[in-house]
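Only one structure is covered here, and it is reproduced in the block below.
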Amino acid sequence: MDERYLEPDYFIDRPPPAIYVPPDMGSDKATMMDERNDPDLFDFDLEVEPILQVLVGKALEHARIEVIEEYEGEQLEKAKAKYKQKRECELMET
């Protein structure tokens, strides 16, 4: 085969495109805390307990409401079916 008739290779291996990472816009700060229990500092267990109580209480309340609504929906469907059956019986008699 003659080299003049070679087709170009369009599938050239290229490196993946660079990922853009925006520059940091501020300065990072940190606080160093000693290992001893300083009463003036944040006590995680003491501060988190009320938040957890609210979150767990809300979750339980929401779950209980869903169970009650589901039960009421079932009771409503039963009452509708009973009413429909009773109405059909009355229509059959007349």
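Residues that are at pLDDT below 75 and among the hydrophobic types (A, V, I, L, M, F, W, C) were ranked within the stretch 11-46; the one that is nearest to the chain's Cα centre (by Cα) is F42.
Sort out which residues of the stretch 38-94 are hydroxyl-bearing (S, T, Y) and in a helix (DSSP H, G or I), and write them in order of number.
Quick first cut of the stretch 38-94, residues hydroxyl-bearing (S, T, Y) only: 71, 83, 94.
Y71, Y83 - these are the residues of the stretch 38-94 that are hydroxyl-bearing (S, T, Y) and in a helix (DSSP H, G or I).
The values are calculated or read from the model by the stated rules, or taken from the named source; none is laboratory data. Just so it is clear, the model here is predicted, and its values are computed rather than measured.
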